[in-house]
Amino acid sequence: MKLYHISLNSLLRRKARMFFLLAGLLIAVSTVVLLMSIGQTMNEDIANKLDEYGANILIVPRSDELSLSYGGMSVSGVSFDVNPLQQSDVAKIRQIKNKDNIKIVSPKLLNVADVQQKKVMVVGVHFDEEITLKKWWTIIGEVPREEDEVLIGVDVKRKLQLGLGQVILINDQPFKVSGILNESGSQDDQLVFIDLERAQKLFNKGSEISLIEVAALCYDCPIEEIVAQTSDKLPGARVTAIQQTIKSKMKSIHQFEQFSLGISVVILFVAILIVFTTMSASVNERKKEIGIFRAMGYRQSHIMRIILQEAFLLSTLAGLAGYFLGLLVSGYAGSLIGADKVNVHVDFTIMALSLAISIVIGLGASLYPAIKAARLDPTVSLQSL
Amino acid sequence: MSLIQIMNLVKNYHSGGETVRAVDGVSLGIDIGEFVAITGTSGSGKSTLLTMLGGLNEPASGSIMVDGIDIYSLSVEQRADFRKEYIGFVFQAFHLLPYLNVLENVMIPLAISTLGAGEKKEKAQSLLDKVGLSNKALRLPNELSGGEQERVAIARALVNDPPIILADEPTGNLDSATSRVVMELFTRLNNEGQTVVMVTHDEQNLQYASRHVNLKDGRVFSSHEAVAG
Ligand SMILES: Nc1ncnc2c1ncn2[C@@H]1O[C@H](COP(=O)(O)OP(=O)(O)O)[C@@H](O)[C@H]1O
Ligand SMILES: [Mg+2]
């Protein structure tokens, strides 16, 4: 027999009281886990959706000229390049401090060209990047793979009455229509997309580019930060963040997190009170028993160990059970708040955290009752002699 | 030299602005192998003296030497270790833990010792044997009679092999037939060399003791060898 036998048996004996303590801790821990899981699910949700929003940073040359417009953004340097961007600038973006947050860098060359005797905006792109950037694109036919293949917007197809596989002339050079973009409702419908390097040759632009679209996957770091870092790397460029609906969504997540934090603090405080009062009452109830232990030669430190071991056992149990209860409930709650995919999976960080919270509260709030128990005067406690 | 040497012991209790002098200048020597019965009317200071002897109750002045150790010069934790080494307490109210079975109750003093689990069990078993309760090792205290519970308490007091047994009215809650069984157990232990100091106000019990110490108002009123019974 060891001290923990005494702790364990005494817990089993005082089931009702200890159940109260256990329930208090358990509800507290599971509520905190619930709030944390919902917050996490919301964040993951956003992270998953983020790449569906396309580019969120636009880089164009610095210029005083009035300019053509692209995607609702003003794009300078299409007609008069004051200080055009270069192909080499693309690599520099990949070198900023938050480079891990940069997901897609898509350089573009914009030119107005004669296509079948009509003026059309021709955009040189890297197709692989453009496709990942514009997740919403649906294409009839194929994405161009050869230099002399083009992808055309649906309006271009209609106005010029083109079809798949047809050969067209752009500034008198032959290209084959390999794919047609389905109606996207954006300016893309009125564009002709060709390979970037081919466009540079076609329009004699060397390694110039007109603009760079960047998708930064950054749902919890400020996008302004990335904009500033990119500006530093590209002093000749104008870097702007594109406002997105995701921003307001993120704001509501942050508000939810603040709210959760507040609620958690209150709940944990209540848990501390419950543990403290239950343990104090339990010590009071056991005065005589503690007197017996002391008479048998138990040190004050032994008494503290018995009490704290009980607190430890209970709070470990409450921490684990609270974690799984919280996880279970968050499954239902997540769908209520409209998270697309409710993510009920065992997260060892949160599990460890809830265990830690429970044990810290359990032991912390029992410390004073344990010290009081250890310092009880054994003669007073034994005074039913 | 005596095993226990009590010198000029004084204990005051303060309650409600009043001071009660529970023990008032007691000096007493007890030798190894003695069976001392402490008697006196209720409130004469018997229990106070006994708990002080067991290192549980700090005196206002005076000293207690046990085996050459001035026990109240020790720190609180050292005094706990002293109790573990030297003292076995037996209480009138038995004071068994209701959530532990008989064997476990006997093992309580061993829970803080470094003995192996097997040794602890063996030790407790042999003491249950000694008090005649080995067949009830796995019962809970509330399934035993008063006399049986007291014998468990005695086994528990003996489990550490303490040189001194301190018993405060061990038969106070028992009928006379059961009392006799318990007293005969104490006598047997004493005959094996165990030093026993027992508080009692049962005249019947005096015949078992080798010395009678009578307290009155916290002082030793009389102390004499018993006529061999
Ligand atoms: N913890 C205490 N606080 C206050 N007074 C006490 C305390 N314990 C004992 N007394 C008083 O000290 C005196 C001696 O008590 P006690 O040693 O219990 O006597 P006995 O055991 O002989 O009946 C009594 O007057 C009692 O009321
Ligand atoms: Mg008494």
Within region B:1-55, the residues that are more than 14 Å from ligand 1 (Cβ to nearest atom) and in contact with a Pro (Cβ under 8 Å, 6 or more places away or on another chain) are B:Leu3, B:Ile32
Here's a check for you: in region B:23-49, which residue that is within 12 Å of chain A (Cβ to nearest Cβ) and surrounded by 22 or more Cβ atoms within 10 Å (Cβ to Cβ) is nearest to ligand 2 (Cβ to nearest atom)?
B:Ser47
When region B:181-212 is checked residue by residue, the ones that are part of a helix (DSSP H, G or I) and either over 18 Å from B:Thr39 (Cβ atoms) or touching a strand residue (DSSP E or B) at 6+ places or on another chain (Cβ under 7 Å) (or both) are B:Val181, B:Glu184, B:Leu185, B:Phe186, B:Arg188, B:Leu189, B:Asn190, B:Asn191, B:Asn205, B:Leu206
Show the residue pairs that are 6+ apart or on different chains and have beta-carbon atoms under 7 Å apart, the first residue being within region B:20-42 and at positive phi and in contact (Cβ under 8 Å) with a residue 12 or more places away in the chain, the second being part of a strand (DSSP E or B) and more than 15 Å from ligand 1 (Cβ to nearest atom).
B:Gly25/B:Asn8; B:Gly33/B:Thr195
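Of these, A:Ser301, A:Ser264, which one is surrounded by fewer than 20 Cβ atoms within 10 Å (Cβ to Cβ) and within 14 Å of chain B (Cβ to nearest Cβ)? Can you show your working first?
Details: A:Ser264 fails: within 14 Å of chain B (Cβ to nearest Cβ).
Exactly one of A:Ser301, A:Ser264 is surrounded by fewer than 20 Cβ atoms within 10 Å (Cβ to Cβ) and within 14 Å of chain B (Cβ to nearest Cβ), namely A:Ser301.
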Which residue is nearest to ligand 2 (Cβ to nearest atom), if the candidates are limited to region B:50-65 and must be surrounded by fewer than 21 Cβ atoms within 10 Å (Cβ to Cβ) and part of a strand (DSSP E or B)?
B:Gly62
Check region A:27-42 and report whether any residue there is more than 30 Å from A:Ser207 (Cα to Cα), more than 26 Å from the chain's Cα centre (by Cα) and either modelled with pLDDT of 80 or more or of a type in the set (Val, Ile, Thr) (or both).
yes
Consider B:Val20 carefully, then state whether it is within 16 Å of ligand 2 (Cβ to nearest atom), part of a strand (DSSP E or B) and at pLDDT below 95.
yes
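For region A:83-95, indicate whether the set of residues that are at pLDDT 85 or above and part of a loop (DSSP other than H, G, I, E, B) is non-empty. Even if it seems obvious, please write down each step before you answer.
Residues of region A:83-95 that are at pLDDT 85 or above, as a first pass: A:85-95.
With part of a loop (DSSP other than H, G, I, E, B) added as a condition, the list becomes A:94-95.
Yes - at least one qualifying residue is present in region A:83-95.
Can you name the residue in region B:115-131 that is in a loop (DSSP other than H, G, I, E, B) and free of Cβ contacts under 8 Å to residues at least 24 places away in the same chain and, of all such residues, is surrounded by the most Cβ atoms within 10 Å (Cβ to Cβ)?
It comes out as B:Leu115.
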Give the number of residues within region A:90-130 that are surrounded by 16 or more Cβ atoms within 10 Å (Cβ to Cβ) and either among the β-branched types (Val, Ile, Thr) or free of Cβ contacts under 8 Å to residues at least 60 places away in the same chain (or both).
12
Looking at B:Ser63 and the list (1) of a type outside the set (Lys, Arg); (2) under 28 Å from B:Glu143 (Cα atoms); (3) at pLDDT 95 or above, which single condition is not satisfied?
(2)
Only one of these conditions is not met by B:Asp67: (1) more than 16 Å from ligand 1 (Cβ to nearest atom); (2) within 12 Å of another protein chain (Cβ to nearest Cβ); (3) of a type in the set (Asp, Glu). Which number is it?
(2)
Take B:Ile165 and tell me if it is in a helix (DSSP H, G or I), within 14 Å of chain A (Cβ to nearest Cβ) and either more than 16 Å from ligand 1 (Cβ to nearest atom) or in contact (Cβ under 8 Å) with a residue 24 or more places away in the chain (or both).
no
With the checklist (1) within 16 Å of ligand 1 (Cβ to nearest atom); (2) within 20 Å of B:Thr195 (Cα to Cα) in hand, flag the one item B:Gly62 doesn't pass.
(2)
Of (1) at the interface with chain A (Cβ under 7 Å from one of its Cβ atoms); (2) surrounded by 21 or more Cβ atoms within 10 Å (Cβ to Cβ); (3) outside any strand (DSSP E or B), B:Phe89 satisfies every one except (3)
Cβ-Cβ distance below 6 Å, separation of 6 or more or different chains: which pairs start in region A:294-310 with a residue that is among the polar types (S, T, N, Q) and end on one that is in a helix (DSSP H, G or I)?
A:Gln300/A:Ala374; A:Gln309/A:Tyr4; A:Gln309/A:Ser7
Quick one: count up the residues across region B:95-114 that are more than 10 Å from every other protein chain (Cβ to nearest Cβ) and part of a loop (DSSP other than H, G, I, E, B).
1
Output for region B:175-213, where each listed residue is within 16 Å of ligand 2 (Cβ to nearest atom) and at pLDDT below 95
B:Thr200, B:His201, B:Asp202, B:Asn205
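The values are calculated or read from the model by the stated rules, or taken from the named source; none is laboratory data. This one's a predicted model, so the numbers in the text were calculated from it and none came from an experiment. Here the Cβ is made from the backbone with ideal geometry for all residues, glycine too, and neighbour counts use every protein chain on show.
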